[in-house]
């Protein structure tokens, strides 16, 4: 019966390759592909095969390493300029990027842990100090002010005032409430007619001013005619109205 061996858990095939390179203390740009591939395959053979998703990622990288190993045994390919192409270049580039991101993630993790022990005190600056503002410099404010600019600003203010005025209601006359004592006014008109005995409606209207008085006087005249205390005569339309006390 074999002795069970617990393997170190890696986040992925690149993480395993970085570990093997650091362990062997070799340069990423000059990877001993044969040695690293053998160590990598040894780890893959001892992996738990239950997690197929993780296993497949390691197998893909194993195929890549074997492909690079095979190309290293063949004559090297050359570029258009005649320079040899290193089959390990693409893998080295990926490993350098992964190593950079890994270090950056570790740096952020360390800063997060350090920030957890940082405590900030509540601000206790008086409100008078918080609300203080430096005094305005009049010379600086008026530095770019010109007469033409002030004129344009003044004209704009006038336009705003004109927009606030209702073009219809602004032409209405001033409406004032005229209060009148109807009983007193009716007694006044009745006493005047009984006193002069004969007059015109124009004479009655001349005794006081205001539209409310004219309405009250007309109502009084209708009431006197109804009670038989006055007679009214008009010779034609729009002619003078004569009033006779009975």
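The values are calculated or read from the model by the stated rules, or taken from the named source; none is laboratory data. In this text the structure is predicted, and so the values were computed from the model without any measurement. Methodologically, a virtual Cβ is constructed for each residue, glycine included, from the backbone with ideal geometry; neighbour enumeration extends over all protein chains shown.
Here is the figure for segment 58-95: residues that are within 14 Å of residue 29 (Cα to Cα) and free of Cβ contacts under 8 Å to residues at least 12 places away in the same chain total 5. Quick one: would you say residue 83 is loosely packed, with under 12 Cβ neighbours inside 10 Å and farther than 23 Å from residue 102 by Cα? Yes, satisfied.
Which of the residues belonging to segment 204-226 are free of Cβ contacts under 8 Å to residues at least 24 places away in the same chain and either part of a helix (DSSP H, G or I) or under 17 Å from residue 240 (Cβ atoms) (or both)?
205, 206, 207, 214, 215, 218, 222, 225, 226
Screening the candidates 185, 118, 146, 79 for the property of being out of contact with any strand residue (DSSP E or B) (no Cβ under 9 Å at 6 or more places or on another chain), over 30 Å from residue 22 (Cα atoms) and at pLDDT 85 or above yields one hit, 185. Evaluated against (1) within 30 Å of residue 238 (Cα to Cα); (2) at pLDDT 85 or above, residue 156 falls short on exactly one condition, (1). Among the criteria (1) under 30 Å from residue 30 (Cβ atoms); (2) out of contact with any helix residue (DSSP H, G or I) (no Cβ under 9 Å at 6 or more places or on another chain); (3) assigned to a helix (DSSP H, G or I), the one residue 129 does not fulfil is (1).
For segment 51-71, the condition of being in contact with a helix residue (DSSP H, G or I) (Cβ under 9 Å, 6 or more places away or on another chain), in a loop (DSSP other than H, G, I, E, B) and modelled with pLDDT of 80 or more holds for none of the residues.
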